[in-house]
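The values are calculated or read from the model by the stated rules, or taken from the named source; none is laboratory data. Remember, predicted model here, so these are calculated numbers, not experimental data. Ideal geometry is used to build each Cβ from the backbone, glycine not excepted, and the neighbour counts take in all protein chains shown. All accessible areas refer to the heavy atoms of the entire protein, side chains included, with ligands and DNA or RNA removed. Shrake-Rupley method; radii C 1.70, N 1.55, O 1.52, S 1.80 Å.
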Amino acid sequence: MITGILFPCDEEQPIKRVEVDAENVETIRGIVGGSYEAFNLDSPPASFLANDEAMLWSLPFNLRATVMLWQHAKGLRGQAYISGDAILTGAPDGRGFTKSVPSELIELLLDTETYGVEFLHRPDGPWSRKAITFTDWFEAYNYAIIHEETYATVRSARVIGV
């Protein structure tokens, strides 16, 4: 069993921690509603598992999972979209076995009450933080993405717990 975070596409439903048997393909298929593909995050090492036939079946867009993906896999920003329910897991190990979602993501998404956004303006740092705080991780992630895409001086942004 591994620990994952379920991202329902229904935004009225909260994201939540789930325990799944990642070695049983049918378990993941049951969560995402069919066969699935992995969308890999760059940092921390994690993957979204989502229905790979979402477009064919016109599954609803999963805004929260997509925003999370775009912040942690910047090369996929505007290129990949997640539809339907998705589960965030750890990246596979060297043998291809899916691991639990990194504890830092569990803490950030499920255990943090206030969030901040830090910006990197030069490759060698330092990170700087705006004074604004958020009580919702999704709003903080949107703020980070908008600033990265809007301001030429922002090289990178990250969401932190404060």
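Values computed for the structure shown
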| item | result |
| --- | --- |
| Meets criteria (farther than 20 Å from residue 87 by Cα and either in contact (Cβ under 8 Å) with a residue 40 or more places away in the chain or assigned to a strand (DSSP E or B) (or both)) for residue 145 | yes |
| Top-ranked residue of the range 136-159 - restricted to ones that are touching a Phe, Trp or Tyr at 6+ places or on another chain (Cβ under 7 Å) and aliphatic (A, V, I, L, M), ranked as nearest to residue 78 (Cα to Cα) | 145 |
| Of residues in the range 117-152 being of a type in the set (Asp, Glu) and open to solvent by less than 50 Å² (accessible area, probe 1.4 Å), the one modelled with the highest pLDDT | 118 |
